[in-house]
Amino acid sequence: MRLVGGIDRSSDIAVILLLAVFSAIRASMGHAGEEGFWTIPLAVEAIHFFAIGLWTGAVMVSGWFVLHETRIRKFDTGSTDQYLELMSQAAMLAVVAIIATGIYSAWHRVGSSEHLVHTTYGITLLVKVALVLLAIAFGGYNKFRGLPAASRSLRGVTLVRVVLQVETLLLLGALLAAAILTTQQPPTAM
């Protein structure tokens, strides 16, 4: 069930392992890594990064590459439906992990609701959360409206692609906010 062709199961495993290694290394270089390598904050941060990579990657690759008009015409509806369902399930799993780890990390770094609204770090975090929530809303739209439409017509697939592209832009905005957060001292560390 490959829409992009030429990739086998071992490639999937290699990509997942590389993403996991990257996530752990990246987490160790941030705020969570300051507490040591074998700590809960570091594990939570690594899971958070892995889930972000999975969600953003699935949405971006699907919206800008796999579901491109010239490419999608080559595949039968059953393959497209199966791909979209698997992509949707992976994105949903990633979103659940992001929400759980995000809540833990936010509380661990912000410490109080006062710090959330009265510090630059807290306000930047709120912007990031707002962008993620909007991306989740677009993903929900695709899950319940777009995917059923895509199973009926090429126009439905186009709708899913456009929504995925908007979701990608929102996720890139959230990643920018996250990058800004890494340059700031969390309120609990002050």
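The values are calculated or read from the model by the stated rules, or taken from the named source; none is laboratory data. None of these values were measured; they are calculated from a predicted model. Cβ coordinates were reconstructed from backbone atoms using ideal geometry, including for glycine residues, and neighbour counts include every protein chain displayed. The area values use the complete protein model at the heavy-atom level, side chains included, leaving out ligands, DNA and RNA. Shrake-Rupley method; radii C 1.70, N 1.55, O 1.52, S 1.80 Å.
Couple of notes before you dig in:
- Failed item in (1) surrounded by 12 or more Cβ atoms within 10 Å (Cβ to Cβ); (2) modelled with pLDDT of 90 or more; (3) not small (Gly, Ala, Ser), with Leu18 passing the rest: (1)
- Here Leu126 fulfils each of the conditions (1) open to solvent by less than 80 Å² (accessible area, probe 1.4 Å); (2) touching a residue at least 24 places away in the same chain (Cβ under 8 Å) apart from (2).
- Segments classed as helices (runs of 4 or more DSSP H), wholly inside the stretch 42-148, with at least 2 members that are within 21 Å of Ala27 (Cα to Cα) and touching a Phe, Trp or Tyr at 6+ places or on another chain (Cβ under 9 Å): 77-110
- Candidates Ala51, Ala97, filtered to the one that is open to solvent by less than 20 Å² (accessible area, probe 1.4 Å) and either modelled with pLDDT of 90 or more or of a type in the set (Ser, Thr, Tyr) (or both): Ala51
- Members of the stretch 68-94 found to be open to solvent by less than 30 Å² (accessible area, probe 1.4 Å) and more than 18 Å from the chain's Cα centre (by Cα), listed by number: Ile72, Thr80
- Count of residues meeting criterion [of a type in the set (Gly, Ala, Ser) and without any contact (Cβ under 8 Å) to a residue 60 or more places away in the chain] in the stretch 77-112: 9
- Filtered by the rule that a residue be of a type in the set (A, V, I, L, M) and touching a Gly at 6+ places or on another chain (Cβ under 8 Å), the stretch 128-146 gives Val129, Leu131, Val132.
- Of all the criteria given as (1) open to solvent by less than 50 Å² (accessible area, probe 1.4 Å); (2) over 22 Å from Ala189 (Cα atoms); (3) more than 13 Å from the chain's Cα centre (by Cα); (4) at pLDDT 95 or above, the one not satisfied by Val132 is (3).
- Apart from one condition, Arg152 fits all of (1) open to solvent by 40 Å² or more (accessible area, probe 1.4 Å); (2) assigned to a loop (DSSP other than H, G, I, E, B); (3) under 30 Å from Ser28 (Cα atoms); the exception is (3).
- Only a single criterion out of (1) in a helix (DSSP H, G or I); (2) at pLDDT below 85 is not satisfied by Phe37, namely (1).
- Every pair of residues 6+ apart whose Cβ atoms lie under 9 Å, when the first sits in the stretch 149-163 and is among the charged types (D, E, K, R) while the second is assigned to a helix (DSSP H, G or I) and open to solvent by 30 Å² or more (accessible area, probe 1.4 Å): Arg152/Thr77; Arg161/Trp64; Arg161/Glu69
- Taken over the stretch 164-190, the criterion of being among the hydrophobic types (A, V, I, L, M, F, W, C), touching a residue at least 40 places away in the same chain (Cβ under 8 Å) and touching a Lys or Arg at 6+ places or on another chain (Cβ under 9 Å) is satisfied by Ala174, Leu175, Ala177, Ala178, Ile180, Leu181, Ala189.
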